[in-house]
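The values are calculated or read from the model by the stated rules, or taken from the named source; none is laboratory data. As the structure is a prediction and not an experimental result, all values here were calculated from the model. Every residue, glycine among them, receives a Cβ derived from its backbone with ideal geometry; neighbour counts consider all protein chains shown.
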Amino acid sequence: MHTVHMSLDRPHFQLLAAFKEFGRLGDAARSLHLSPSAASHRLAEAERRAGTRLTESVGRTLRFTPAGEHLATTAAELEAIIERAMLTTRWIGTGEPSRIRVGVGFYDTPGWLLDTFTTPPGAPRIELLRFGDDALLDAVRNQKADVAIAPWPKLPSGLQNVPLGLDKLVAAVPAGSTLADGNPIHASELHEVTFLTSDYRASRGFEFHEFFLAADVVPITVVQVQSLEMMLRLVGNGDGVTIQPSRVLTWNRPHSNVEIVPLEGRDIVLAWTATHRIDADDEIVAATNRIAGAFAAAAERGEGDTSVHDRSTIGNRHTVETLDLEEGQVGPGTGPGDAPS
């Protein structure tokens with residue numbers, strides 16, 4: 001045998017993998033659409049390049065040598081990896097053209113966003129991606145998402161902020177409980193009640209600072225639940241209460257055992273915002289405006305607290321309403337976590 005001086009090409013590996021799979025060189029040749037002579041020539045070329053014998057004849061049967069068995073096993077593994085990689089590439093590739101990736105965090109069940117999935121002819125489709133609340137803005141900055149939707153505590157700097165509308169915090173309590181008597185809830189009424197939160201961090205502008213600390217009282221028992229669906233099921237089962245934006249609760253109205261109750265005192269107002277990169281292309285801007293339109297349509301259908309709907313706004317690339325907030329300025333409301341600047 002000649003000393004090795006050249007590596008094997010993929011066709012050689014394919015033949016070795018097929019030979020191992022079918023056990024006969026003729027069957028391996030047919031699976032690769034090769035003639036028997038072409039398969040024999042390719043096998044001889046593989047042995048020449050490998051610098052060692054890969055097969056041997058035992059009677060009228062051709063079988064692998066130990067070296068050939070090792071190389072064929074590796075070739076089969078490599079072929080499986082390559083085939084999976086190609087399938088994955090095709091799968092990923094189907095999402096490359098004409099898509100807008102909308103990132104959401106804890107509030108990932110907005111029914112109104114479904115309206116944007118039915119796209120106008122020629123418009124890119126909407127894809128919904130879930131991120132941690134503290135990773136939403138970085139996802140936009142790093143182009144892992146095109147648009148992020150959340151109620152921010154301050155307008156993110158270095159990004160384009162399109163206001164969707166205003167909202168306010170309300171309580172979700174078990175239907176039929178003493179808290180569901182129709183009267184606004186005072187913080188002291190929740191002192192000995194299990195309080196459900198999406199995050200132990202005390203974000204400024206949200207219920208901890210604006211509702212509990214303002215009344216100098218906090219719940220004794222606080223439980224973190226990072227699933228809105230599960231949180232509302234727990235409330236419906238009588239296992240706790242939570243405070244959320246009113247729109248979030250009306251988006252999830254199927255929970256018939258949950259009652260929505262206002263908070264006592266001044267409204268804690270939130271500003272829902274769609275955020276994209278300043279250099280976003282026209283398709284992303286158009287999709288963001290479709291999102292804003294869907295949000296406004298949901299308000300007209302009565303989703304959320306109607307007392308703040310008349311102040312909802314729809315922005316676009318050229319005229320962005322700031323909702324009385326400056327970039328980086330802490331506002332009257334917050335989302336699930338402080339927005340990084």
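Criterion first (more than 23 Å from Glu83 (Cβ to Cβ) and surrounded by 15 or more Cβ atoms within 10 Å (Cβ to Cβ)) does Glu47 satisfy it? For Glu47, the condition - more than 23 Å from Glu83 (Cβ to Cβ) and surrounded by 15 or more Cβ atoms within 10 Å (Cβ to Cβ) - is met.
Checked against (1) in contact (Cβ under 8 Å) with a residue 40 or more places away in the chain; (2) not assigned by TED's automatic domain parsing to the domain that holds Ala296, Asp181 meets all criteria but (1).
Listed by position, the strands (runs of 3 or more DSSP E) contained in the stretch 205-272 that have at least 3 residues being under 27 Å from Ala297 (Cβ atoms) are 242-245, 258-261.
If you go through the stretch 128-141 one residue at a time, do you hit one that is touching a His at 6+ places or on another chain (Cβ under 8 Å) and under 30 Å from Arg247 (Cα atoms)? Yes - at least one qualifying residue is present in the stretch 128-141. Across the stretch 24-67, the qualifying residues are those that are over 15 Å from Pro11 (Cα atoms) and of a type in the set (D, E, K, R), and the one among them that is farthest from the chain's Cα centre (by Cα) is Arg60. Look at Leu62 and say whether it is in a strand (DSSP E or B), in the same structural domain as Ile82 (by TED's automatic domain parsing) and not polar (S, T, N, Q). Here the answer is yes, as Leu62 does meet what is asked. Filter the stretch 50-95 down to the residues that are surrounded by 10 or more Cβ atoms within 10 Å (Cβ to Cβ) and aromatic (Phe, Trp, Tyr) and list them by number. Hit for the stretch 50-95 is Phe64, nothing else. If the condition is being crowded, with 16+ Cβ neighbours inside 10 Å and within 18 Å of Gly165 (Cβ to Cβ), then the stretch 112-135 contributes Trp112, Leu113, Asp115, Thr116.
The set of residues in the stretch 183-198 that are surrounded by 18 or more Cβ atoms within 10 Å (Cβ to Cβ) and either closer than 16 Å to Leu270 by Cα or touching a Pro at 6+ places or on another chain (Cβ under 6 Å) (or both) comprises Leu190, Phe195, Ser198.
Only one of the listed residues (Leu71, Leu87) is at pLDDT 90 or above and either out of contact with any Cys (no Cβ under 7 Å at 6 or more places or on another chain) or not aromatic (Phe, Trp, Tyr) (or both). That residue is Leu71. Scanning the stretch 142-161 for residues that are more than 23 Å from Ser246 (Cα to Cα), assigned to a loop (DSSP other than H, G, I, E, B) and of a type outside the set (Lys, Arg) turns up Asn142, Gln143, Ala145, Asp146, Ser157, Gly158. Against the numbered list (1) surrounded by fewer than 15 Cβ atoms within 10 Å (Cβ to Cβ); (2) among the hydroxyl-bearing types (Ser, Thr, Tyr); (3) closer than 15 Å to Leu15 by Cα, Ser98 comes up short only at (3).
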